[in-house]
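The next block holds one structure in the form of structure tokens; read it before the comments.
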Amino acid sequence: MTDEELVSCLEALLFASGKPVDSKTLQNILEINNDKLKEIALVLQNKLIDSNSGIQLIEINDGYQLATLEKFYEKVCTLLDTRPKPSLSQAAMEVLAIMAYNPKITRAEIEKIRGVSSDSALNKLLEYGLVEEAGRIDAPGRPMSFKTSDEFLRLFGYKSLQDMPELPRIAEEDPQIQIEGMDEEKEESVDEENQTNETVKQEPVAEESVEENIEEVPTEEAKDSNQQ
């Protein structure tokens with residue numbers, strides 16, 4: 001097939017699938033290598049953008065999918081889904097964030113981080129398809145582990161978990177999160193305190209001077225003795 005036909009075929013495959021298709025599968029069907037697949041995927045992506053299409057090509061976990069533009073979300077949902085739109089509670093968002101930064105984590109580990117039961121929040125995330133089971137781990141009782149799903153990446157606009165923002169760094173000696181610039185402010189504060197202490201040490205002590213002056217002033221008894 002020509003490059004133009006490969007682009008059209010890729011578009012047809014993704015349209016017919018309706019869900020992400022991994023790169024290996026597409027390479028086998030189109031009989032091309034990974035570099036060629038990336039090349040025609042980029043052509044298709046630009047083609048959709050240039051034509052002001054309501055469809056976009058997105059990349060998810062080394063796979064591709066055709067999806068509607070975000071700005072048409074409400075209209076598409078009106079057509080396809082009349083159920084109440086899912087909403088995530090604060091607890092569910094916390095659990096989702098913990099799982100996104102800690103792949104293959106158990107329910108007990110999530111609750112240890114949060115300090116409270118997370119059964120309801122985790123079950124809701126499973127119901128929405130934002131997280132999924134990741135297999136049992138080699139630990140006493142062989143508990144089930146969980147991870148975020150491709151649906152999570154799609155909804156939040158990430159190609160993979162590596163694209164997520166980095167967490168604030170944590171100092172080794174201090175478990176509290178260190179905010180950028182905090183170290184510099186602390187150093188400046190220490191420098192100012194040291195300068196203040198040095199200034200105080202350099203000021204003359206008034207009490208010592210007073211004592212020296214008192215010793216030099218003659219008393220009345222000393223005056224009488226001198227007169228005799």
**Report entry** Number of positions in segment 48-59 that are surrounded by 15 or more Cβ atoms within 10 Å (Cβ to Cβ) and in a helix (DSSP H, G or I)
**Finding:** 1
Requested in this report: Could you grab the pairs with beta carbons closer than 9 Å, sequence gap of 6+ or different chains, first residue in segment 1-15 and closer than 12 Å to LYS36 by Cα, second one exposed (fewer than 11 other Cβ atoms within 10 Å of the Cβ) and of a type outside the set (D, E, K, R)?
Outcome: none
Query raised in the report: within 24 Å of PRO168 (Cβ to Cβ) and in contact (Cβ under 8 Å) with a residue 40 or more places away in the chain, is that true of TYR101?
Result: yes
Report task. Among the residues of segment 103-147, count how many are closer than 27 Å to ILE60 by Cβ, charged (D, E, K, R) and in contact with a helix residue (DSSP H, G or I) (Cβ under 9 Å, 6 or more places away or on another chain). Result -> 6
Requested in this report: Run LYS71 past the list (1) of a type in the set (D, E, K, R); (2) more than 28 Å from the chain's Cα centre (by Cα); (3) exposed (fewer than 14 other Cβ atoms within 10 Å of the Cβ) and report the number of the one that doesn't hold.
Outcome: (2)
Query raised in the report: Right, GLU31: exposed (fewer than 13 other Cβ atoms within 10 Å of the Cβ) and at positive phi or not?
Result: yes
Report task. Check ASP50, ASP22 and return the single one that is farther than 23 Å from ASP150 by Cβ and either of a type outside the set (Lys, Arg) or assigned by TED's automatic domain parsing to the domain that holds PHE152 (or both). Result -> ASP50
Query raised in the report: For segment 94-108, does any single residue satisfy the condition of being among the hydroxyl-bearing types (Ser, Thr, Tyr), more than 30 Å from LEU6 (Cβ to Cβ) and under 19 Å from the mean Cα position of the chain (by Cα)?
Result: yes
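The values are calculated or read from the model by the stated rules, or taken from the named source; none is laboratory data. Remember, it's a predicted structure, so these values are computed and weren't measured experimentally. With ideal geometry, Cβ positions are generated from the backbone for all residues, glycine too; neighbour counts draw on all protein chains shown.
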